[in-house]
1. If you take the Cα atoms of the stretch 1-69, find Rg, then find the Kirkwood Rh from the mean of 1/r over all pairs, what is Rg/Rh?
2. Please give the peptides 82-94, 152-164 ranked by average Cβ packing (other Cβ atoms within 10 Å per residue), highest first, as a rough proxy for protection.
3. Quote the relative contact order of the chain in percent (integer), defining contacts as alpha-carbon pairs under 8 Å separated by 6+ residues.
4. If you find the alpha carbon centre of the stretch 1-36 and of the stretch 83-116, how far apart are they in angstrom?
5. Once the convex hull of the alpha carbons of the stretch 147-205 is built, what does its volume come to per residue, in cubic angstrom?
6. Using the Cα gyration tensor of the stretch 2-126, with a ≥ b ≥ c the square roots of its eigenvalues, what is the shape: rounded (a/c below 1.5), prolate (a/b larger than b/c) or oblate (neither)?
7. Give the share of C-alpha pairs in each 5 angstrom bin for the chain, from 0 to the last occupied bin, in whole percents, shortest bins first.
8. Sorted from fewest to most neighbouring beta carbons within 10 Å, what does the list 96, 9 look like?
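Throughout, read-outs are computed from the coordinates displayed, never taken from laboratory work. Computed from a predicted model, the values in this text were never measured in an experiment. Methodologically, a virtual Cβ is constructed for each residue, glycine included, from the backbone with ideal geometry; neighbour enumeration extends over all protein chains shown.
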């Protein structure tokens, strides 16, 4: 596996590389300290499987940078690893093609779990970013009818998907789950990307047997 890491902090790149070595024993790494270097490396070798990028490194052009990286590496998963935990940054990253958004404040266990989900074909959205005020950290395990759905979607995303299948609007889903509409939209974006669909109708038809009680 070939992994490309873009971040202007040397210590963070080194720590991330060591972490990824736990996940993929024989990984081959490339590292860049600014966006121009990252894009050049992505363009020079189209065989990367994973590209990890910060949002605030020197030369960062904005979220179009994610699309630029995807154009250079169409077969790679582009993942944002950022200190920002703003809803808008998560939403914009996903809408521009990111396969996941991992806050730098995440624990090693969370980061490894996030990458496992991404490698399985899912899209990781940090629960710490999406958690509403007063919402509990833990939720009971929910066994979906299709085990593949459990790999691709988080508990909360499966709850949103179930209500989407019932024909409920984002506003209704937000009210039932105690979320903001902005948070529901982020979940929707992640669901569409994870299931490889473009709209609500296609999402509703995917994995029709799945149900969260």
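1. On the way: Rg = 11.5 Å, Rh = 12.1 Å.
Value, to two decimals: 0.95.
2. 152-164, 82-94
3. Computed value for the chain: 15 percent relative contact order.
4. 16
5. In the stretch 147-205, the Cα convex hull volume per residue is 73 Å³.
6. Rounded is the answer for the stretch 2-126, as its axis ratio a/c remains below 1.5.
7. Once binned at 5 Å, the Cα pair distances of the chain give 1, 7, 16, 19, 20, 15, 11, 7, 4, 1.
8. Values: 96 18, 9 14.
The fewest-first ordering by Cβ neighbours comes to 9, 96.
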